[in-house]
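Before any comments, here is the structure.
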Amino acid sequence: MKNLIYALPLILLLPFINYAQTYYPLPEENAYWTVIEFDNNGGYNDIIYKVEGDTIINNTNYKKVYRLDDYPTIYDTITTLHCFMRQNTDEKKIWFIRHYLGESTEKLGYDLSIEVGDTVSLPAFNFGNQDDSLFYLVDIYDIDISYLEGNMAGLRRVHVFGPVNSNCNPPINYCEGISQFGSTFPNLYNGWDPFHQPFTTCLHQDTSYIVLSYESECGFLAVSNNLVNFNYRLKLFPNPIINQLIIEFSSFITLNPSIIVYNFYGEVIYENPVSYSESHLFIDTSKWPSGMYVLQFLSNGYPITSSKIIKH
């Protein structure tokens with residue numbers, strides 16, 4: 001039986017837990033990240049990234065990262081070499097060579113050794129037009145997934161990086177050894193666009209899943225009948241949202257459900273308990289700035305999350 005865990009999105013500012021003492025590198029075997037990306041054809045496409053194989057570049061060992069795509073058909077999977085990755089567990093740093101951009105030199109993507117308030121250059125995630133790769137560490141939080149079987153179990157530290165120049169790059173919300181909320185591996189190429197941002201929905205490693213969005217079935221490689229589909233609990237529309245978000249509940253709603261909405265920086269901007277008798281909830285979003293938001297639905301102790309875009 002495959003393990004299915006619904007976890008809070010990594011962008012959320014989670015309650016403080018004692019900091020994990022163990023540093024976890026990204027898995028380099030039997031791991032698949034499902035990322036939803038804008039496909040430049042008017043919609044979003046599910047992409048899978050995996051680490052597989054080694055290579056030597058400039059006398060240095062790197063891991064190969066591949067991108068898997070089943071667009072435009074569901075019958076053929078296109079696999080392309082995306083980037084190269086080098087991890088240093090002692091230094092708590094991860095470098096990338098962005099092969100998909102034609103680059104041949106490594107750039108730092110994550111530095112998890114710095115303290116809150118420190119500034120660091122992370123050029124692997126610089127996609128702005130002003131050539132500014134400076135980020136500062138906003139905060140550090142831990143999440144407890146020790147109940148999960150396999151290599152993903154344990155306390156995992158979440159690092160929240162904010163761009164020094166907010167006009168250049170999106171924030172980086174990275175959980176050690178698991179995923180970034182946006183995309184674990186650099187994959188933007190058209191600059192910072194708040195309406196066309198990728199977001200990770202699932203990590204599948206060995207026989208365990210961490211699902212970060214109730215809409216996800218862990219990509220086109222997953223066998224759908226091995227996953228629990230929570231779509232029957234609630235429906236959210238429209239997407240993108242203009243002035244009003246409508247949430248439609250099913251009869252499955254359990255005792256004491258609640259809705260919480262976070263902005264892209266993890267700040268709570270809306271919180272409301274839901275009556276058991278309610279079938280619809282209407283949220284006025286006309287005064288919320290355009291951008292990406294995360295909605296968390298709590299029912300019977302399980303968080304179900306969804307990313308939605310507001311565009312005025």
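So that you can scan it fast, the table gives a plain yes or no per residue for (1) surrounded by 18 or more Cβ atoms within 10 Å (Cβ to Cβ); (2) modelled with pLDDT of 85 or more; (3) in the same structural domain as G162 (by TED's automatic domain parsing):
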site	(1), (2), (3)
I260	no, no, no
N263	no, no, no
I269	no, yes, no
N272	no, no, no
H280	no, no, no
S286	no, yes, no
V294	yes, no, no
S299	yes, no, no
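One line per residue, one yes/no per condition, for (1) modelled with pLDDT under 85; (2) in the same structural domain as N263 (by TED's automatic domain parsing); (3) in a strand (DSSP E or B); (4) surrounded by 13 or more Cβ atoms within 10 Å (Cβ to Cβ):
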{"site": "L8", "(1), (2), (3), (4)": "yes, no, no, yes"}
{"site": "L14", "(1), (2), (3), (4)": "yes, no, no, yes"}
{"site": "N18", "(1), (2), (3), (4)": "yes, no, no, no"}
{"site": "E28", "(1), (2), (3), (4)": "no, no, no, yes"}
{"site": "W33", "(1), (2), (3), (4)": "no, no, yes, yes"}
{"site": "G53", "(1), (2), (3), (4)": "no, no, yes, no"}
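To keep it simple, each residue is scored yes or no on (1) surrounded by fewer than 20 Cβ atoms within 10 Å (Cβ to Cβ); (2) modelled with pLDDT of 90 or more.
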{"residue": "Y136", "(1), (2)": "yes, yes"}
{"residue": "V158", "(1), (2)": "no, no"}
{"residue": "P163", "(1), (2)": "no, no"}
{"residue": "P170", "(1), (2)": "no, no"}
{"residue": "E176", "(1), (2)": "no, yes"}
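State the number of residues belonging to region 237-247 that are surrounded by 13 or more Cβ atoms within 10 Å (Cβ to Cβ) and either at pLDDT below 75 or not assigned by TED's automatic domain parsing to the domain that holds Y293 (or both). Counting residues in region 237-247 that are surrounded by 13 or more Cβ atoms within 10 Å (Cβ to Cβ) and either at pLDDT below 75 or not assigned by TED's automatic domain parsing to the domain that holds Y293 (or both) gives 1.
The values are calculated or read from the model by the stated rules, or taken from the named source; none is laboratory data. On a predicted model such as this, the values are computed, not experimentally measured, just so you know. Every residue, glycine among them, receives a Cβ derived from its backbone with ideal geometry; neighbour counts consider all protein chains shown.
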